[in-house]
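Read through the structure below, which is laid out as structure tokens, and then see the notes.
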Amino acid sequence: MDLEAIYHYGTLAMFAIAGIALPALFWITVPYGGRHTSENWGPTVPSRIAWFAMEIPAPICLLLAYGRGEQAGEPVSLLLLTAFLAHYANRAIFYPLRMRATDKRTPLTSAALAFSFNVLNGTIQGIAVSHAVAYGAAWLTDPRFLLGALVFGAGAAINLRSDEILRNLRAPGEQGYRIPEGGLYRFVSSPNYFGEIVQWGGWALATWSTAGLAFVVLTIANLAPRALANHRWYRGTFPDYPAERRVLVPGVW
């Protein structure tokens, strides 16, 4: 199958999955280890291994697809490639290495779903930045690219800071859960998800691609229901949970 066909059907598949996932995930909470873990999802694997295995396909597939595009090696596509790889270097390698609760386990089914998504998404994002969209040097000063890069960076910063707060909630070896404090946790229950959505919204702007749009749409479809599940869990677990905190978007929801 040529790049155009992979890109066309891949982006259609992403939009279709988002349309199915958004309503379904409000009814079904997919466990990825930790507070929502369920024995009903079958065999489990250590969460550290699961995170690496389910995230690493995105950069690998991106690189494989990127290398087939005629714009591979051009300045703009290289810059976009670097931004994507930087995110997934953290997500697939540094994030699991920094996990403190090494006894957590993730259902193999959940990891397999994420693995499949990252294969598809990495492939179409790689095609987008090296083939589907024609970037010239002038794109580096285009308002869409500049705003997208700014939004991408802001989302990444929110994501990293929120993960750091969660990681430092417990001392090494300590078990149990606490109410996160600081950063955007003052306003919402899942600022890490909010940062992820902002980040990929910036990616969609900076790449100005159908694949980028499909990515942020599916990210919202996946994370909005999970944010609501987290919010309900916090409220049900901690009687003193701050009543003013919203679910996902500060001051909105």
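Quote the charge dipole size of the chain about the Cα centre in Debye, to the nearest 20; the model charges only the Cβ of Lys and Arg (+1) and of Asp and Glu (-1).
840 debye
State to the nearest 20 debye the size of the charge dipole of the stretch 111-232 about its Cα centre, where the only charges are +1 on K and R beta carbons and -1 on D and E beta carbons.
In total the dipole reaches around 260 debye.
Using modelled amide H (1.01 Å from N, peptide plane; none on Pro or chain starts), what sits under 5 Å from the amide H of R105, excluding residues fewer than 5 places away?
Amide H to amide H, under 5 Å and 5 or more residues apart or across chains, R105 pairs with G34, S47.
May I ask for the distance between the Cα centers of the stretch 200-248 and the stretch 2-35, given as a whole number of Å?
15 Å
Using only alpha carbon pairs under 8 Å that are at least six residues apart, calculate the relative contact order of the stretch 1-127 and give it in whole percent.
46 percent
How large is ³J(HN,Hα), in whole Hz, for each residue of the stretch 23-30 in order, when computed from phi with the Karplus curve 6.51 cos²θ - 1.76 cosθ + 1.60 and θ = phi - 60°, using x for Gly and Pro?
Using θ = phi - 60°, the values come out as x, 5, 6, 6, 9, 10, 9, 6 Hz.
Starting from the Cα of D240, step 7 Å along the direction of its Cβ; do the same at M1; then give the gap between the two resulting points in nm.
Going from the D240 label point to the M1 one covers 5.4 nm.
Percent relative contact order of the chain, based on C-alpha pairs within less than 8 angstrom and at least six residues apart?
25 percent
Round to the nearest 0.05 the FRET efficiency obtained for I60 and L22 when R0 = 22 Å and r is the Cβ-Cβ distance.
Calculated transfer efficiency: 0.20.
Provide, in order from the shortest bin, the percent of all Cα-Cα pairs of the chain in each 5 Å bin, continuing until the bin that contains the maximum pair distance.
1, 6, 12, 17, 20, 17, 12, 8, 4, 2, 0, 0
Modelled label-to-label distance, T141 and R167, 7 Å Cα→beta-carbon offset: nm?
The modelled label-to-label distance comes out at 3.9 nm.
Apply the Karplus parameterisation 6.51 cos²θ - 1.76 cosθ + 1.60, with θ equal to phi minus 60°, to every residue of the stretch 112-127 and state each ³J(HN,Hα) to the nearest whole Hz, in sequence, with x for glycine and proline.
5, 4, 5, 4, 4, 4, 5, 4, 5, 5, x, 5, 6, 5, x, 5
From the backbone phi of the stretch 201-214, what are the Karplus-calculated ³J(HN,Hα) couplings (6.51 cos²θ - 1.76 cosθ + 1.60, θ = phi - 60°) in whole Hz, Gly and Pro given as x?
Coupling constants for the stretch 201-214: x, x, 4, 4, 5, 5, 8, 6, 10, 5, 5, x, 5, 4 Hz.
Helix 75-89: angle to the longest alpha-carbon principal axis of the chain, degrees 0 to 90, nearest 10?
20 degrees
Amide H neighbours of V188 under 5 Å, counting only residues 5+ apart in sequence or on other chains, H built in-plane at 1.01 Å?
R246
Scan around T44 for amide H atoms under 5 Å from its own, H built in the peptide plane at 1.01 Å from N, and keep only partners 5 or more places away or cross-chain.
So T44 has HN proximity to L108.
Which residue, T109, W208, T82, has the largest displacement toward the positive end of the dipole of the stretch 3-237 when charges sit on each Cβ (Lys, Arg +1; Asp, Glu -1)?
It is T109, whose Cα lies furthest towards the positive end.
Can you pull the one-decimal nm distance between simple spin-label points at F94 and A157, each 7 Å off the Cα toward Cβ?
The modelled label-to-label distance comes out at 1.6 nm.
Read the figures in this text as sums done on the coordinates, not as results from a lab. All values derive from a computational prediction rather than experimental measurement. Here Cβ is always computed from backbone atoms with ideal geometry, including for glycine, and neighbour counts include all displayed protein chains.
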